[in-house]
1. Select from segment 65-91 the residues that are within 18 Å of residue 40 (Cβ to Cβ) and in contact with a helix residue (DSSP H, G or I) (Cβ under 6 Å, 6 or more places away or on another chain) and write down the one among them that is surrounded by the most Cβ atoms within 10 Å (Cβ to Cβ).
2. Which condition from (1) at pLDDT 95 or above; (2) under 21 Å from residue 17 (Cβ atoms) is the one that residue 117 breaks?
3. Please go through segment 120-141 and give me each residue that is surrounded by fewer than 22 Cβ atoms within 10 Å (Cβ to Cβ) and outside any helix (DSSP H, G or I), ordered by number.
4. Which of (1) within 30 Å of residue 140 (Cβ to Cβ); (2) not in a loop (DSSP other than H, G, I, E, B) is the odd one out, the single condition residue 48 does not satisfy?
5. Test residue 97 against the criterion of being in contact with a strand residue (DSSP E or B) (Cβ under 7 Å, 6 or more places away or on another chain) and either free of Cβ contacts under 8 Å to residues at least 60 places away in the same chain or within 30 Å of residue 16 (Cβ to Cβ) (or both), and give yes or no.
6. Going by the structure shown, is residue 103 in a strand (DSSP E or B), at pLDDT 95 or above, surrounded by 15 or more Cβ atoms within 10 Å (Cβ to Cβ) and touching a helix residue (DSSP H, G or I) at 6+ places or on another chain (Cβ under 6 Å)?
7. Regarding segment 40-47, can at least one residue be identified that is farther than 21 Å from residue 117 by Cβ, at pLDDT 95 or above and exposed (fewer than 14 other Cβ atoms within 10 Å of the Cβ)?
8. Within segment 114-127, count every residue that is within 15 Å of the chain's Cα centre (by Cα) and farther than 18 Å from residue 14 by Cα.
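The values are calculated or read from the model by the stated rules, or taken from the named source; none is laboratory data. Every value quoted in this text rests on a predicted model; they were computed, and no experiment measured them. So basically every Cβ, Gly included, is an ideal-geometry build from the backbone, and we count neighbours across all protein chains shown.
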């Protein structure tokens, strides 16, 4: 494995040790309501307004603000809250996603994870946002069971 280097634009070296990741994850609930929606493959959507996307055979899967989906006439598949784990995690770290998704699963909360270059982002059903924050904060403070 090549030596870990700071993420471009940052002087912080990503963390790969699971115990350290859990202690430092610092969950943050971003304001707003976000949705998963499908746009036609040839849709022209300003990238500045897209939280995340992936091309699929059926079209362009998007995570965008609910208000933008309404404006574009896109039907929301899931209304969600966006939680950012502010620890700078290494993309090759093992067990981190499993640890926080297990904690959320035990609390009865579905989660959809997007790994960014610097941080992990979790999308949970909007009505379970506060419960998810409590579960993640407990995981950070107490570690996995």
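1. 68
2. Of everything listed in (1) at pLDDT 95 or above; (2) under 21 Å from residue 17 (Cβ atoms), residue 117 misses just condition (1).
3. 121, 125 - these are the residues of segment 120-141 that are surrounded by fewer than 22 Cβ atoms within 10 Å (Cβ to Cβ) and outside any helix (DSSP H, G or I).
4. Of the numbered conditions (1) within 30 Å of residue 140 (Cβ to Cβ); (2) not in a loop (DSSP other than H, G, I, E, B), the odd one out for residue 48 is (1).
5. yes
6. Against the criterion (in a strand (DSSP E or B), at pLDDT 95 or above, surrounded by 15 or more Cβ atoms within 10 Å (Cβ to Cβ) and touching a helix residue (DSSP H, G or I) at 6+ places or on another chain (Cβ under 6 Å)), residue 103 does not qualify.
7. No, segment 40-47 has no match at all.
8. Adding up the residues that qualify gives 5.
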